[in-house]
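Asks: Have a look at this one before I ask anything.
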Amino acid sequence: MGDTTRWLLPNGIDELLPEQAGRVEGCRRLLLDTCATWGYEYVVPPLVEFTDSLLVGLGADLEVLSCKFADRETGRTLAVRADITPQVARIDAHSLGRAGVSRLCYAGSTLKSVANTIPADRSPVQLGAEIFGCAGIDADIEIVELVLSLVDKSHLSEITFDIGHVGFCQLVLDSAGLNAEQQEEILALLARKANSELDKLLTGLDRDQQLKVSQLASMHGGADVLSRAKDVFGDLAGVNDVIGDVEAVLSCCKRADSGISVYIDLTEAHGYRYHSGVVFALYARELGAAIAKGGRYDGVGEVFGRKRPATGFAIDLKAWSSLAHLVQSQATCISSPVDACLGLVRKESELRTEGHVVVKAVGGEIDVRCSHQLVNRESEWLVEPVESN
């Protein structure tokens, strides 16, 4: 026997067979077409870039996840993108260079050096949309309304919309007088909901700090979270503005007829550390990881010479498509004989134009997917059911 290990794929790397690939591609077309109706222009960033441009600014947080190799032509280091958002930010800031508001969408494969999700997936297909050039909450609301419309278009069910604001923790921890190292450790524990570890850390803080951090750790749950946050921290400068932004974004969840559940979490920031305002994630009951993440990341493009406010979202398209209920095509799969006559060629073209699938019976074999076949009756090509044996 030969070495069967040569056919094994690396851990976290998969291949999409026809059925799954068809679902992913169907979702990709549906979501991008929907984004287009909202005014988002489609861009295609490169799969590989020099690390000098790929891993700066927003991309700096992706250093450990990026697969890097040497460029034989220049000797410089190249990297395969692990996240497309920084590339789209570069396109807006440098390649397009527009002064006003810009809306861009994209879809493409990514590659991670290690899996950071369960189940392991090192090669996600990412689809997203971004608004650049608007610092107001209107842009955040539009982005959330757009992603909720994609939920509706895909007929997703049992989805939880998790929302927070990175500024909330910052304001509370700053008011407690904690240094940067302490804040970093607390934020990591809050993100993991590691309550026992957080309790141990609190023993090393003074009474006021202990109270503020313990109260902060409880700021997640249902609709009452925002009112509790106002009661406890409303006297801190900037807190009411932060809560107001979250309330404004949540209003579009009430308007949308999506039937999603809402979970408010003011204790963590989703995604990478470049977020700067409202952040959100979408979770499905069947999956342990988020199927979409988004939020504000102002200051984008600064490393490219143009500081731009921005907000957007990124969807894990493979996970999303596994949950989507797409309208099935009504196309008939029709077998056509191997015949070069002009009449048959015209009939095949006519059927394909109508949206049907026409498969040539090469080698005289009718494709197993075909329920019908083209048959010549008195010099006319007709579609008839395939006779079962």
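Asks: Mind ranking 244-252, 364-372 by how tightly packed they are, going by the mean number of other C-beta atoms within 10 angstrom, highest first? Let's see the in-between values first.
Replies: Values: 244-252: 17.7, 364-372: 12.9.
Highest to lowest by the protection proxy: 244-252, 364-372.
Asks: Which of these, 110, 203, 51, has the largest mean-square fluctuation under a Gaussian network model of the chain (Cα springs below 10 Å)?
Replies: The residue that fluctuates most here is 203.
Asks: Also, quick follow-up: What's the long-distance tail for the range 51-169, i.e. % of Cα pairs beyond 21 Å? Don't jump to the answer; show the numbers that get you there.
Replies: Numbers: 3772 of 7021 pairs.
Roughly 54 percent, once rounded to a whole number.
Asks: Moving on to the next point. What dipole magnitude, in Debye to the nearest 20, does the range 333-385 give about its Cα centre under +1 on Lys/Arg Cβ and -1 on Asp/Glu Cβ?
Replies: Working: 6 positive and 9 negative charges, 25 e Å.
That gives the range 333-385 a dipole magnitude of about 120 debye.
Asks: What trypsin sites (Lys or Arg not before Pro) in the range 95-152 are in a loop by DSSP, with at most 14 other Cβ atoms within 10 Å of the Cβ?
Replies: Numbers: sites: 98, 103, 112, 122; in loops: 98, 112, 122.
Counting only loop positions with at most 14 other Cβ atoms within 10 Å, the trypsin sites (Lys or Arg not before Pro) in the range 95-152 are 98.
Asks: Quick check on my link table: of 293/318; 193/293; 153/293; 112/318; 318/360, which ones sit more than 21 Å apart, alpha carbon to alpha carbon? The partial results should precede the final answer.
Replies: On the way: 293/318 14 Å; 193/293 19 Å; 153/293 18 Å; 112/318 15 Å; 318/360 31 Å.
Correct reply: 318/360.
Asks: Okay, helix-only estimate at 222 nm for the chain: each DSSP H run of n ≥ 4 adds -39500 (n - 2.57), divide by all residues, round to 500 deg cm²/dmol; what do you get?
Replies: Numbers: 12 runs with 135 residues, N = 389.
That comes out to -10500 deg cm²/dmol.
Asks: Using amide H atoms built in the peptide plane, which far-off residues or other-chain residues are under 5 Å from residue 263 H to H?
Replies: Placed amide hydrogens put 161, 162, 163 under 5 Å from residue 263.
Asks: Amide H to amide H under 5 Å from residue 332: which residues, 5+ apart in sequence or cross-chain, H placed 1.01 Å off N in plane?
Replies: For residue 332, the qualifying residues are 357.
Asks: Based on Cβ point charges of +1 for Lys and Arg and -1 for Asp and Glu, what charge dipole magnitude is obtained for the range 159-269 about its Cα centre, in debye rounded to the nearest 20?
Replies: On the way: 9 positive and 18 negative charges, 58 e Å.
The dipole magnitude comes to about 280 debye.
Asks: Along the positive direction of the dipole of the range 159-269 (beta-carbon charges: Lys, Arg +1; Asp, Glu -1; about the Cα centre), which of 222, 267, 186 reaches farthest?
Replies: 222
Asks: Against the longest principal axis of the chain, how steep is helix 342-353, in degrees 0 to 90 to the nearest 10, with axes from Cα atoms?
Replies: 20 degrees
Asks: Given 0.36 nm per residue, what is the gain on full extension from residue 261 to residue 8 after removing their alpha carbon distance, in nm? It would help to have the intermediate numbers written out before the result.
Replies: Values: separation 253, 0.36 × 253 = 91.08 nm, distance 3.99 nm.
My answer for the length gained is 87.1 nm.
Asks: Please give the helix 207-217 orientation as an angle from the longest Cα principal axis of the chain, in degrees from 0 to 90, rounded to the nearest 10.
Replies: The answer is roughly 20 degrees.
Asks: Can you give me the angle between helix 18-37 and the longest principal axis of the chain, using Cα atoms only, in degrees from 0 to 90, rounded to the nearest 10?
Replies: Helix 18-37 and the main axis of the chain meet at about 60 degrees.
Asks: Quick one: if the Förster radius is 45 Å, what FRET efficiency do residue 21 and residue 228 give, using the C-beta to C-beta distance and rounding to 0.05? All intermediate terms of the calculation are to be shown ahead of the outcome.
Replies: Values: r = 47 Å, r/R0 = 1.04.
With a Förster radius of 45 Å, E is 0.45.
Asks: While we're here: How about residue 200: which lysines have a C-alpha closer than 24 Å to its C-alpha, ignoring those fewer than 8 places off in the same chain?
Replies: Leaving aside lysines fewer than 8 places away in the same chain, those within reach of residue 200 are 212.
Asks: Take the chain, connect every pair of alpha-carbon atoms lying under 10 Å apart with a spring to form a Gaussian network, then pick out the residue of 124, 86, 337 with the largest mean-square fluctuation.
Replies: It is 337.
Asks: Taking K and R as +1 and D and E as -1, what net charge do the other residues with C-beta under 9 Å from the C-beta of residue 13 add up to? If you can, show how the numbers build up before the last one.
Replies: Numbers: positive: 122; negative: 14, 15, 121.
Combined, the nearby Lys, Arg, Asp and Glu give -2.
Asks: Moving on to the next point. Go through the range 1-106 and name the chymotrypsin sites (Phe, Trp or Tyr not before Pro) that are in a DSSP coil and have 16 or fewer other Cβ atoms within 10 Å of their Cβ.
Replies: Numbers: sites: 7, 38, 40, 42, 50, 69, 106; in loops: 38, 40.
Within the range 1-106, the qualifying chymotrypsin sites (Phe, Trp or Tyr not before Pro) (loop, at most 16 other Cβ atoms within 10 Å) are 38.
Asks: Where the only charges are on Cβ atoms (+1 Lys, Arg; -1 Asp, Glu), what is the dipole of the range 105-161 about its Cα centre, to the nearest 20 debye?
Replies: Working: 3 positive and 8 negative charges, 84 e Å.
Taking the Cα centre of the range 105-161 as origin, the dipole is about 400 debye.
Asks: Another question about this same structure. Give me the extension gain from residue 382 to residue 152: residue separation times 0.36 nm, minus the current Cα-Cα distance, reported in nm with one decimal. Write down the numbers at each step before the final one.
Replies: Numbers: separation 230, 0.36 × 230 = 82.80 nm, distance 3.99 nm.
So the chain would gain 78.8 nm between residue 382 and residue 152.
Asks: Also, I was wondering about something else. Test of understanding: in a Gaussian network model of the chain with alpha carbons linked when under 10 Å, which of 376, 179, 195 would top the mean-square fluctuation ranking?
Replies: 376
Asks: Now a separate question. What is the chain by shape, rounded, prolate or oblate, if you read a ≥ b ≥ c off the alpha carbon gyration tensor as root eigenvalues and call it rounded for a/c under 1.5, prolate for a/b larger than b/c, and oblate otherwise? Mind dumping the intermediate values first?
Replies: Numbers: a/c = 2.24, a/b = 1.98, b/c = 1.13.
Verdict is prolate for the chain.
Asks: Would you work out the relative contact order for the chain, in percent, from Cα pairs under 8 angstrom that are 6 or more residues apart?
Replies: Values: 640 pairs, mean separation 70.9, N = 389.
Averaging sequence separation for qualifying contacts and normalising by length gives 18 percent for the chain.
Coordinate-derived values only; no laboratory data. Small disclaimer: the values here were computed from a predicted structure and weren't measured. Here Cβ is always computed from backbone atoms with ideal geometry, including for glycine, and neighbour counts include all displayed protein chains.
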